[in-house]
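**Q** One structure, pasted below without further comment.
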Amino acid sequence: MQFNNKIFLKLKKEKNAIIIAHNYQIPEVQDIADFVGDSLELSKISNESKASTIVFCGVRFMAETAKILSPEKTVLLPVKDAGCPMADQISKEEIIRLRKKYPDAAFVAYVNTNADVKALVDICCTSSNAIKVVNSLKENQIVFIPDRNLAHWVSLHTDKKIVSYSGFCYVHQKFKISEIIKIKREHPDAEILVHPETPPDVLKEADFVLSTSGILKHVKKSNKNKFIIGTESGLIYRLRKENPYKNFYSLGTPKICFNMKKTSINDVYNSLINNKYEIILSPEIIKNAKKPFERMVKI
Ligand code: SF4
């Protein structure tokens, strides 16, 4: 079937739905989405939207977050097994064990965690507000889950004792110091922008460490015209689309999140037609997972 915007417009109207897509989705999906953004931006958009159905093109924890913030809405994840391997690296049982080990610590969960894990922590954070969130807490010891690289980045900007977990994003973990050294030689006039999920030695050599939305904002206001991007390659599509006169290069070989690329246009169409796959969370998980979010939003 040949898809075009008209087909989706008609379907969205019939279903009172919106399509939202993460920055790492394939170009065709980004192009038919009503909004493209990072996980938190998209959850806020779903919450503020008048639509009753949200088709969330991303990975499971993101669609769960949208459901937590808007439990009255139908949230659909077009591909059932589009999960995030990093979010799956920590379970609720691990949190219960760590709570016993660190009874005086505050527990901070990166938004890249599953709903049942979020329901057991004190506060959530994103890659852009993680430092602010940690520094706002009264506790001196912070258990930061699940990403060890983001935890390391935060530890460089706080006096608090950070206990990091062993989780990591398999995509960002692939960036290497040798790639940054090579590209600096090839493009000495470019700015190097990397995501805080990349390993510490790579972060150290970057010009700026920024979230995906931080990279987009930085590029827009910068008077430079050459950028090296150290995050999942899908962001480069959006950067080029929004900044046609600027030049973007991947830091080393393009790094691809296969989980993010599982969603095709066909899946989005099926999702709208057949209401697939609805995110179902228990009222208790929704109630408890909402608290650390609300606490984050307050600061
Ligand atoms: S890029 Fe990394 S953190 Fe994001 S969904 Fe893929 S595996 Fe998870």
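**Q** What's the FRET efficiency of Glu284 with Glu94 using the Cβ-Cβ distance as r and R₀ = 25 Å, to the nearest 0.05?
**A** 0.80
**Q** Once every Cα of region 97-242 carries one equal point scatterer and solvent is ignored, give the base-10 log of I(q)/I(0) from the Debye formula at q = 0.13, 0.17, 0.18, 0.21 Å⁻¹, two decimals.
**A** Results for region 97-242 at q = 0.13, 0.17, 0.18, 0.21 Å⁻¹ read -0.61, -0.95, -1.03, -1.27.
**Q** Hey, fewest Cβ within 10 Å first, where do Ser211, Ser264 land in order?
**A** The order, fewest Cβ neighbours first, is Ser264, Ser211.
**Q** Report, in listed order, any pair from Lys15/Lys50; Lys73/Lys290; Lys132/Lys220 with a Cα-Cα distance greater than 21 Å.
**A** From the list (Lys15/Lys50; Lys73/Lys290; Lys132/Lys220), the Cα-Cα distance tops 21 Å for Lys132/Lys220.
**Q** Taking each pair of distinct Cα atoms in region 172-250 once, what is the resulting Kirkwood hydrodynamic radius in Å?
**A** Every distinct Cα pair counted, the radius reaches 12.4 Å.
**Q** Okay, next question. Please say if the chain is rounded, prolate or oblate, where rounded means a/c under 1.5 for a ≥ b ≥ c the square roots of the C-alpha gyration tensor eigenvalues, and otherwise the choice is prolate for a/b larger than b/c and oblate otherwise?
**A** Since a/c reaches 1.5 but b/c is at least a/b, the shape of the chain is classed as oblate.
**Q** List the extent of the Cα atoms of region 87-168 along each of their three principal axes, largest first, rounded to whole Å.
**A** 29, 24, 19
**Q** So which residue, out of Asn259, Asn223, Asn129, gets the largest mean-square fluctuation from a GNM of the chain using Cα contacts under 10 Å as springs?
**A** Evaluated over the chain, the most mobile residue of the options is Asn223.
**Q** Further question: Express the relative contact order of region 172-250 as a whole percentage, based on alpha carbon pairs under 8 Å and six or more residues apart in sequence.
**A** With pairs under 8 Å counted, the relative contact order is 30 percent.
**Q** Any number yet on Rg/Rh for region 236-299, C-alpha, Kirkwood?
**A** The Rg/Rh ratio comes out at 1.14.
**Q** Give me the mean projected area, in nm² to one decimal, of the convex hull enclosing the Cα positions of region 42-121.
**A** Here the figure is 5.7 nm², rounded to one decimal.
Since every read-out is calculated from the coordinates, none of them should be taken as a lab result. All figures in this text were calculated on a predicted structure; none of them were measured in a lab. Ideal geometry is used to build each Cβ from the backbone, glycine not excepted, and the neighbour counts take in all protein chains shown.
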